[in-house]
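Report on the structure given below.
The values are calculated or read from the model by the stated rules, or taken from the named source; none is laboratory data. Given the structure is predicted, the values throughout are model-derived calculations rather than measurements. For neighbour counting, all protein chains shown are included, and Cβ atoms are generated from backbone atoms with ideal geometry for every residue, glycine included.
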């Protein structure tokens, strides 16, 4: 309930803090902590994400300028950059990773009924990765090449709501296809991937787990045609074939039939060849599924532009992973707020508004455009009457 709370405090109220404290207790995260607990650290880092702070000094100056409101925002102490730097090094990033997964579970339940452009009951995921370049001298632990460092964020995106359900942060040298070894597969789900994940042994394991995949094939893939289904070429589908791999290694790795669809995109004129292990979906549905894979590319572009994951507040592995996981928590939190308050504004609009209004005291719904929120009658207000009648 709104009773003179800042927007930041109202936003933090959407978080399951009891769950957070249980996670902290399980990891013994607040042991020997005097001034900045894991909860305080999360709030400060979330504030930095929401307001686009560039550095520890930037965070300190911004919060000290509003020192009279810190208590009402949930901060019990003045925020010093040295204390925050120590917290970045010492607070276990696994705490924030586990908490983010709890938020992701909430968000997926809220968006489970949404459509993603393809009428299917199956849960559909897009799998891809993005590389975040780092300075070699500052981040030597994330060696990528001889002259640079990098971390890679491997992400499995639920296309209903564009919620990241699996995130693995590695150094830049880990190949994309290796993530399939640690991915927990879901029977009946559809995994859409690009050619970087074309490994027939791993794809066959996915097939044996009763999961479906859609990917693109490479030009040197050897096969023989078993059957060709009739197609409507006016839709851009050139052929829909059942094939058997004939390469010595590929046939050993994937001994069963595959589905091969050749498609010419009418918009770009580009010809694409897809491989799938599902023989019941229409060919047009397979093509539409791969087109929706672009959502994970847009997700990476969005978070790099609107969250702070390209500039880091610490140089250690723990600081980098903590910042990325808290950034993901903020992204999912805004998605949860948008759904629970039935807001029509985009996530970009919500973040832009919140970046300027976190210190304001007004009902959260009233801060966004198009809202006609009114304070219900009977709710106490802190405003006193100037004159007594």
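Find all pairs meeting these conditions: Cβ atoms under 8 angstrom apart; at least six residues apart or on different chains; first residue within region 17-39 and in contact (Cβ under 8 Å) with a residue 12 or more places away in the chain; second residue part of a loop (DSSP other than H, G, I, E, B) and surrounded by fewer than 15 Cβ atoms within 10 Å (Cβ to Cβ).
Listed by first residue and then by second, the contacts come to 35/77; 36/77.
Are any residues in region 206-225 within 18 Å of residue 124 (Cα to Cα) and either touching a strand residue (DSSP E or B) at 6+ places or on another chain (Cβ under 8 Å) or buried (at least 17 other Cβ atoms within 10 Å of the Cβ) (or both), and if so, which ones?
Of region 206-225, the ones within 18 Å of residue 124 (Cα to Cα) are 206-216.
Matches in region 206-225: 206, 207, 211, 212, 213, 214, 215, 216.
Residue-wise test of (1) part of a helix (DSSP H, G or I); (2) modelled with pLDDT under 95; (3) under 21 Å from residue 191 (Cα atoms).
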| position | (1), (2), (3) |
| --- | --- |
| 234 | yes, yes, no |
| 260 | no, no, yes |
| 272 | no, yes, yes |
| 275 | no, no, yes |
| 287 | yes, yes, yes |
| 290 | yes, yes, yes |
| 295 | yes, yes, yes |
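Which number in (1) within 21 Å of residue 317 (Cβ to Cβ); (2) surrounded by fewer than 17 Cβ atoms within 10 Å (Cβ to Cβ) marks the one condition that residue 166 misses?
Unmet condition: (2).
Considering only residues of region 170-182 that are surrounded by fewer than 20 Cβ atoms within 10 Å (Cβ to Cβ) and in contact (Cβ under 8 Å) with a residue 40 or more places away in the chain, which is nearest to the chain's Cα centre (by Cα)?
So the first thing to find is which residues in region 170-182 are surrounded by fewer than 20 Cβ atoms within 10 Å (Cβ to Cβ), and the list is 170-178, 181-182.
Checking the rest, the ones that are also in contact (Cβ under 8 Å) with a residue 40 or more places away in the chain come to 172, 176.
On the way: 172: 18, 176: 17 Å.
Applying the filter and picking the extreme gives 176.
Only one of these conditions is not met by residue 120: (1) in contact (Cβ under 8 Å) with a residue 24 or more places away in the chain; (2) within 16 Å of the chain's Cα centre (by Cα); (3) more than 24 Å from residue 360 (Cβ to Cβ). Which number is it?
Status for residue 120: all satisfied but (2).
Which one of these does residue 13 not meet: (1) in contact (Cβ under 8 Å) with a residue 24 or more places away in the chain; (2) under 25 Å from residue 309 (Cα atoms); (3) surrounded by fewer than 15 Cβ atoms within 10 Å (Cβ to Cβ)?
With (1) in contact (Cβ under 8 Å) with a residue 24 or more places away in the chain; (2) under 25 Å from residue 309 (Cα atoms); (3) surrounded by fewer than 15 Cβ atoms within 10 Å (Cβ to Cβ) applied to residue 13, the lone miss is (1).
Closer than 13 Å to residue 96 by Cα, out of contact with any strand residue (DSSP E or B) (no Cβ under 8 Å at 6 or more places or on another chain) and in a helix (DSSP H, G or I): which single residue out of 20, 8 fits that description? Break it down into steps so the answer makes sense when it comes.
Values: 8 fails: closer than 13 Å to residue 96 by Cα.
20 is the lone residue from the list that is closer than 13 Å to residue 96 by Cα, out of contact with any strand residue (DSSP E or B) (no Cβ under 8 Å at 6 or more places or on another chain) and in a helix (DSSP H, G or I).
Pairs only if they're at least six apart or on different chains, beta carbon under 7 angstrom, first in region 123-134 and more than 23 Å from residue 187 (Cα to Cα), second in a loop (DSSP other than H, G, I, E, B); list them, first residue then second.
Taking only residues 6 or more apart or on different chains, the pairs are 131/172; 132/309; 132/310.
Which of the residues that make up region 304-327 are in a helix (DSSP H, G or I) and either out of contact with any helix residue (DSSP H, G or I) (no Cβ under 8 Å at 6 or more places or on another chain) or under 24 Å from residue 143 (Cβ atoms) (or both)?
Step one: filter region 304-327 for residues in a helix (DSSP H, G or I), giving 304-306, 317-327.
Residues satisfying the conditions are 304, 305, 317, 318, 319, 320, 321, 322, 323, 324, 325, 327.
Pairs, please: C-beta under 7 Å, at least 6 apart or cross-chain, first residue at positive phi and touching a residue at least 40 places away in the same chain (Cβ under 8 Å) and in region 42-64, second in a helix (DSSP H, G or I) and surrounded by fewer than 19 Cβ atoms within 10 Å (Cβ to Cβ)?
Pairs that qualify, where the first residue is at positive phi and touching a residue at least 40 places away in the same chain (Cβ under 8 Å) and the partner is in a helix (DSSP H, G or I) and surrounded by fewer than 19 Cβ atoms within 10 Å (Cβ to Cβ), are 52/355.
Could you please find all residues in region 84-111 being in contact with a strand residue (DSSP E or B) (Cβ under 7 Å, 6 or more places away or on another chain) and free of Cβ contacts under 8 Å to residues at least 40 places away in the same chain? Can you show your working first?
Taking region 84-111 first, the residues in contact with a strand residue (DSSP E or B) (Cβ under 7 Å, 6 or more places away or on another chain) are 104, 107-108, 111.
Passing the criteria: none in range.
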